[in-house]
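Student: This is the structure I have questions about; it appears just below.
No value in this document is a laboratory result; all are computed from the given coordinates. This structure is a prediction, so every number in the text was calculated from the model and none was measured. Neighbour counts are summed over all protein chains in view; Cβ atoms, including those assigned to glycine, are modelled from backbone coordinates with ideal geometry.
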Amino acid sequence: MTAVPSRAVVLCGTEHLDPPVRVLRAGQLSVEFENGALRYVRFGGIEVLRGVAFLVRDENWGTLTAKISELAFDEEPERFAVSWRAVCEDAERVLDCRATIAGGSDGTLAFEVNAVAETDVLTNRTGFVVLHPADLAGRPVRVTHVDGRTEMARFPELISPAQPLLDIAALDHEISPGVWASVRMEGSGFEMEDQRNWGDASYKTYVGSLLDPWPYTIPKGGQVTQAIRISIAGAGSLASTGGGETAPVVVEVAGETGGRLPAFGVGVPSAEAEHSLGAVDLLRRLGSRRLVCHVDLRHPIRPEVLDAYRSLGEATGAEIDLEVVIADGADAGEALDQLAATLGEARLKPAALSATTAADLLSWQPGEERPTQPTPETICAAAREAFPETRLGGGMLSYFTELNRKRPPADLVDHVGHTTCPIVHAADDRSVMETLEALPAIIASTKAFVGGKPYRLGPSAIGCRDNPYGKAPFDNPDNGRVCLATVDPRQRGLFGAAYLLGYAAACARGGVEAVTLGAPTGPFGFIHRRSDKPVPWFDDTEGAAVYPAFHVVAGLAHGSGSPLLATAVSRPGVVDALAWHEDGRSFLWVANLTAAPVEIAVRGVPPAARLSLLDAEQFGRATRDPDALNAAAASVPAGPIRLDAYALARVLY
């Protein structure tokens, strides 16, 4: 091993840092200012909005990074004001923005932007987005339309595949009995989408309409002027709900829930098949029950890949599940018959198979015309014929959004699935962790339309394996935080391990049958390998190395199918927990989902329990030794347990 890694690399796998946050206050109003955007607009400690931002999206839905200058703050106890210049540009376009924010102790908040195009600006959307928090699900909202009409509606409870609200000028919702927040939107009309479709924990109201043609061009010299104005009515009856955040987070374990831990597996992209075989000893230690392998029939199948898939299954004892992409317009019967013959020659017999057309890797608006051949019904019939002894999956190899907009014929398949990606719309650390809040709604919404069929998730990681919204996933050569990028450095840090534990916990509570995570090696991997993509610190290590998430996946995989134990956490979103009973022992995993240290008080475990920490102090040992958690186990202390940023604790009893 080389020198000790920096704390930034330990936590998030990169030397790049998230932008700093500045909290602005005016009486009971508080907001967080972050790189030209507002987050967590609160009044009296109650979250009113999750965020407000002015964004420029290119023709591939990529967000242009704003270069901020001339930033000025003016703060007093009863008011604050901020002004700045933001230049949004890439090699093809430049938009120069002037922005101001003003807030007052009465709850008023105004965010105004005037932007001038210095070149022609080709864009899918330029303007404000307003995020209402996902915990408003099912609650009333008063809508003022562009023509002045008002109506009462509700934030969708199950995730809406189409825009639930159109032609919006203002939205009002009750934040406390008798206290209403009003959000007025000045521009060219707004509409709302249920952003939980993409895993975001919010309802997003954005300028313009997806019913209008896009991309469109803002001509050179053209101006865009918009504003968001927030006010609070009935605030006199509101008492502040802040405080209490310094007490330890209570994590309580109780008896069996009647549920079971999902069967945990690992994905094997075709590009990583042979590399994974080279790390088979560590993969065997990982203990995965299932290997989900990828075959794309739009390209010739390499025999070496199928041989690697078969060898991985034989070496680990894991079942091989296949996900198959069929070319649009192909004869599904011929394609799958040929695949069955090829697999037979390779002596590879899958336990399950899920197949979709290439068109289903892409995003389609509700009602939009799309390729119709081969149909899901045709694919299912052909798969049953070609693979009569194989469990047949349905759904999407892409994200929940696509599943929700094209719901599968569940009666024709044995299970339904899709994957997820937490960096579709935002890639900062807090936004990625916030996507865990949307998982319960994704799970509940899927179960509502699959008719009781078993439900599977994955292969899922932080990075993006496919981009349904553009030509391809984005490159990330500098190890930054980039939306829809294949390489995400946090996969390699403690952040990735904490995120994965939260993901697994949501799936277990939701009754998901099987969950496939990451990959053995590569950008979604748990085992380090050198490649043409630089990996800070790990590339300079000697010998084999694993990432922190390896330990979490190993624990989950070995516990697959075990009885689930009930857990309760006093501050959800700050800490998450998952517990199960396995072979006469109980396992409790706890993760700090934040960048700040927290203290936890564990209740419901016996005095003889053993504690292992996966944190910054143990990082070096954990990357060298796949058995590090067992080697470092100690007695559970009598007082609170300190969890550093993104640290995990495993309690065994």
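Student: Fewest first, what order do Glu368, Glu304 take by the number of other Cβ atoms within 10 Å? Can you show the working numbers first?
Tutor: Numbers: Glu368 9, Glu304 13.
Fewest to most other Cβ atoms nearby, the residues stand as Glu368, Glu304.
Student: So, with +1 on the Cβ of K and R and -1 on the Cβ of D and E, and no other charges, what is the size of the charge dipole of the chain about its Cα centre, to the nearest 20 debye? Display every interim value, and only then the final one.
Tutor: Values: 59 positive and 82 negative charges, 270 e Å.
It works out to roughly 1300 debye.
Student: Another one. Return the FRET efficiency for the residue pair Asp328, Asp414: r is the Cβ-Cβ distance, R0 is 35 Å, and the value is rounded to the nearest 0.05.
Tutor: Efficiency computed from Cβ-Cβ geometry: 0.90.
Student: A further question on this structure: About the Cα centre of the range 263-560, what is the dipole size in debye to 20, counting +1 per Lys and Arg Cβ and -1 per Asp and Glu Cβ, all else neutral?
Tutor: With only Lys, Arg, Asp and Glu charged at Cβ, the dipole is about 740 debye.
Student: Still on this structure, please answer the following. Filter the cross-link list Lys349/Lys533; Lys67/Lys204; Lys406/Lys533; Lys220/Lys533; Lys204/Lys533 down to pairs whose alpha-carbon distance in this structure exceeds 31 Å.
Tutor: Lys349/Lys533; Lys406/Lys533; Lys220/Lys533; Lys204/Lys533
Student: Which shape class, rounded, prolate or oblate, goes with the range 449-563 when its Cα gyration tensor gives a ≥ b ≥ c as root eigenvalues, a/c under 1.5 marks rounded, and past that a/b bigger than b/c marks prolate?
Tutor: Oblate is the answer for the range 449-563, as a/c is 1.5 or above yet b/c matches or exceeds a/b.
Student: For Glu314 and Ala634, FRET efficiency with R0 = 35 Å and r from the beta-carbon atoms, rounded to 0.05?
Tutor: That gives a FRET efficiency of 0.35.
Student: Pull out a ≥ b ≥ c, the square roots of the eigenvalues of the alpha-carbon gyration tensor of the range 173-321, then state rounded if a/c is under 1.5, prolate if not and a/b is larger than b/c, and oblate in the remaining case.
Tutor: Cα axes put the range 173-321 in the oblate bin.
Student: Arrange the following residues from fewest to most other Cβ atoms within 10 Å of their Cβ: Asp488, Asp615, Asp281.
Tutor: Asp281, Asp615, Asp488
Student: Calculate, in nm to one decimal, what Ala444 and Arg430 gain on full extension: separation in residues at 0.36 nm each, minus their alpha carbon distance.
Tutor: 2.7 nm is the gain from fully extending Ala444 to Arg430.
Student: Take each uninterrupted DSSP H stretch in the chain, measure its Cα extent along the helix axis, and return the ones at 27 Å or beyond whose mean Kyte-Doolittle hydropathy is at least -0.5.
Tutor: Within the chain the helices that satisfy the rule are 429-449.
Student: Then there's this: How big is the antiparallel share of DSSP beta bridges in the chain, given as a percent to the nearest 5?
Tutor: Details: 127 of 168 bridges.
Roughly 75 percent of the DSSP beta bridges within the chain come out antiparallel.
Student: Sort Thr420, Thr390 so that the residue with the fewest other Cβ atoms within 10 Å of its own Cβ comes first and the one with the most comes last.
Tutor: Working: Thr420 22, Thr390 19.
Sorted ascending by nearby Cβ count, the order is Thr390, Thr420.
Student: For the range 470-613, give the share of DSSP beta bridges that are antiparallel, in percent and rounded to the nearest 5; count only bridges with both residues there.
Tutor: So the antiparallel bridges in the range 470-613 amount to around 80 percent.
Student: Okay, next question. By average Cβ neighbour count within 10 Å, what is the ranking of 123-133, 512-522 from highest down?
Tutor: In descending order of packing, they fall as 512-522, 123-133.
Student: Moving on. Considering only DSSP beta bridges whose two residues both sit in the range 263-560, what percent are antiparallel, to the nearest 5?
Tutor: 5 percent
Student: Per 10 Å bin from zero, what fraction in whole % of the C-alpha pairs of the range 263-560 is there, up to the bin with the longest pair?
Tutor: Per 10 Å bin, starting at zero, the Cα-Cα P(r) for the range 263-560 comes out as 6, 29, 38, 23, 4, 0 percent.
Student: Something else: Using only Cα positions of the chain, each an equal point scatterer, no hydration layer, compute I(q)/I(0) via Debye at q = 0.09, 0.11 Å⁻¹ and quote the log10 values to two decimals.
Tutor: -0.78, -1.17
Student: Between Met152 and Glu59, what is the label-to-label distance in nm when each label sits 7 Å out along the Cα-to-Cβ direction?
Tutor: According to this spin-label approximation, the distance is 4.7 nm.
Student: Asp96 to Asp539: FRET efficiency via 1/(1 + (r/R0)^6), r the Cβ-Cβ distance, R0 51 Å, to the nearest 0.05?
Tutor: Between Asp96 and Asp539 the formula returns 0.80.
Student: Within the range 111-132, whose backbone N sits under 18 Å from a point 7 Å along Cα→Cβ of Ala227?
Tutor: Correct set: 111-116, 127-130.
Student: Apply the a/c threshold of 1.5 to the C-alpha gyration tensor of the range 357-507 and tell me whether it is rounded, prolate or oblate.
Tutor: Taking the square roots of the gyration eigenvalues as a ≥ b ≥ c, the range 357-507 is prolate.
Student: Something else about it: Which log10 I(q)/I(0) values does the range 555-652 give at q = 0.12, 0.22, 0.24 Å⁻¹ under the Debye formula, counting every alpha carbon as one identical point scatterer?
Tutor: The computed values of log10 I(q)/I(0) come out as -0.37, -1.31, -1.50.
Student: If you average the alpha carbon positions of the range 530-593 and of the range 469-519, how far apart do those two centres end up, in angstrom?
Tutor: 13 Å
Student: With the crude spin-label approximation of a point 7 Å out along Cα→Cβ, what separation in nm comes out for Val21 versus Arg624?
Tutor: For Val21 paired with Arg624, the spin-label model returns 3.5 nm.
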